[in-house]
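The values are calculated or read from the model by the stated rules, or taken from the named source; none is laboratory data. Computed from a predicted structure; not experimentally measured. Heads up, the Cβs are rebuilt from the backbone with ideal geometry, glycines too, and the neighbour counts pull from every protein chain shown.
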Amino acid sequence: MKYTSTRGEAAARSFDDILLEGLAPDGGLYLPEDYPRIDRAQLEAWRGLDYADLAFAVLRPYLGASDDAALRALLRATYTAQVFGSAEIVRLKPLDARIRLLGVSEGPTLAFKDMALQLLGRLFEQALARSGGVLNIVGATSGDTGSAAEYAMRGRTGIRVFMLSPFGRMSAFQTAQMYSLDDPNIHNLAVQDVFDTCQDMVKAVSADLDFKRRHAIGTINSINWARVAAQVVYYVAGYLRAVERIGDPLDVTVPSGNFGNILAAHVARRMGLPLRRLVLATNENNVLDEFFRTGVYRPRVAVETRQTSSPSMDISKASNFERYVFDMLGGDAARTRALFVDALQREGRFDLSADPAFARMRDEIVSGSSDHACRLQTIGDVWQRNRVLIDPHTADGVAVARAHAAPDVPMLVVETAQPAKFAETIAEATGQQPPRPEAMRDLESRAQHFVVLPPDVDALKAYIAAHC
């Protein structure tokens, strides 16, 4: 399988070529030239597989690995009960007759990001062992990607992590989970601005091709295609466990910030998974909800990005949205580039409301948003009715799912994180502190290790160069 850039100016490349790279040289994002197809017979055959074997079946066409036995062994080493809390790896949690949670946040950092990043850590290390090279990962986090990446990469041979986070804008648990790490290959960089600025800085480093090659720069955000591909697996697993008969429809609600998680659901749907409708849930930073209601995409500037109680979605520029638009425009790279480079730079927005592609988008994705009051009410209601604690991002998903749930189609809501990561909001909603794993009880009291950086790309490059 070959991969091409959404902006059309980069040569087609293999999975091994793009695994360590992140952004394409033309500034676009890689997508496969074609999606492998899943039919009903395959889904029936997959129904009895454990998670590691299902991951092999779904990912094998994307990875292009020549040694199937080695890939199977790597997946079995990744998806274990010891790491993810149960042999199921992914669990369904019923809330009512229509809505269930897709439990994908049982990994070591209590967030869905572990599902992909635990695998990427092993894939990176394997690739570097083959090449004898090193990799300096530069990433940005709004809260959960950072810790999931760092826990997956800490101590790995040939890998350093430079993780940018918005200073003072994560929960106390999220902050401590990252900054308490003191592994020599982990560098936490607290940027004095919002997440979108952190993400722009990462992209600027990746766009400097000379610097990128000289310092072996790679990415861990969902701009890395391997992360999206790994997340496709749990949508297939969720479908197989949620429906009575293969071929039955299923709706999925996804709390969305950078559009990577719902993009994986879209990819699963393109592959042939019978997902009827995808429901996108945002918080007060509702750029994506605005687009799916109006057809106008208008990213906000930093001062317009609100700090909310679901901080991992405090994002106003969704990187993976470019991949989705490219797909829905039929793979038209020139048009995608005109929208995401020319129109956004010139006007700060683009409008697809009159384009036939927007009608296709609305057939696949509907959307809604939540705010702090709704979030608290949803957390409290789910606790009172079901005795289930949910985190603020999952609460945004449940609130929007309730507005879009159909009486005759089951709905899965992707559980974004464990409530322990957002104790202040949970206590405000329910009057009680959420439980946390014993190993994390003293997390906030541990020494923290981080460097404060201004929102300046040159300062970031200087730090990376000095610590490679």
(request) May I ask you to list the residues in the stretch 130-151 that are in a helix (DSSP H, G or I), of a type in the set (Gly, Ala, Ser) and either surrounded by 24 or more Cβ atoms within 10 Å (Cβ to Cβ) or at pLDDT 90 or above (or both)? (result) Gly146, Ser147, Ala148, Ala149
(message) Suppose we filter the stretch 353-372 for residues that are more than 25 Å from the chain's Cα centre (by Cα) and either under 18 Å from Asp289 (Cβ atoms) or assigned to a helix (DSSP H, G or I) (or both); how many remain?
(response) 3
(request) Return the residue satisfying two criteria in turn: it lies in the stretch 94-105 and is of a type in the set (D, E, K, R) and modelled with pLDDT under 95, and of such residues it is farthest from Tyr235 (Cα to Cα). (result) Asp96
(request) Only residues that are buried (at least 17 other Cβ atoms within 10 Å of the Cβ) and part of a loop (DSSP other than H, G, I, E, B): list them for the stretch 247-271, please. (result) Ser256, Gly257, Asn258, Phe259
(message) Of all residues being in contact with a Lys or Arg (Cβ under 8 Å, 6 or more places away or on another chain) and either among the hydrophobic types (A, V, I, L, M, F, W, C) or within 14 Å of Pro299 (Cα to Cα) (or both) in the stretch 341-368, which is surrounded by the most Cβ atoms within 10 Å (Cβ to Cβ)? Just the residue, please.
(response) Ile365
(message) Condition first: part of a helix (DSSP H, G or I) and more than 19 Å from the chain's Cα centre (by Cα). Now tell me which residues in the stretch 272-296 satisfy that.
(response) Glu290, Phe291, Phe292, Arg293, Thr294
(message) Of everything in the stretch 364-395, what is among the acidic types (Asp, Glu) and without any contact (Cβ under 8 Å) to a residue 12 or more places away in the chain? Give them in sequence order.
(response) Asp381
(request) Find the helices (runs of 4 or more DSSP H) located wholly in the stretch 385-468 whose residues include 1 or more that are of a type outside the set (Lys, Arg), surrounded by fewer than 24 Cβ atoms within 10 Å (Cβ to Cβ) and at positive phi, and list them. (result) none
(request) For the stretch 182-205, enumerate the residues that are surrounded by fewer than 23 Cβ atoms within 10 Å (Cβ to Cβ) and part of a loop (DSSP other than H, G, I, E, B). (result) Asp182, Asp183, Pro184, Asn185, Gln192, Asp193
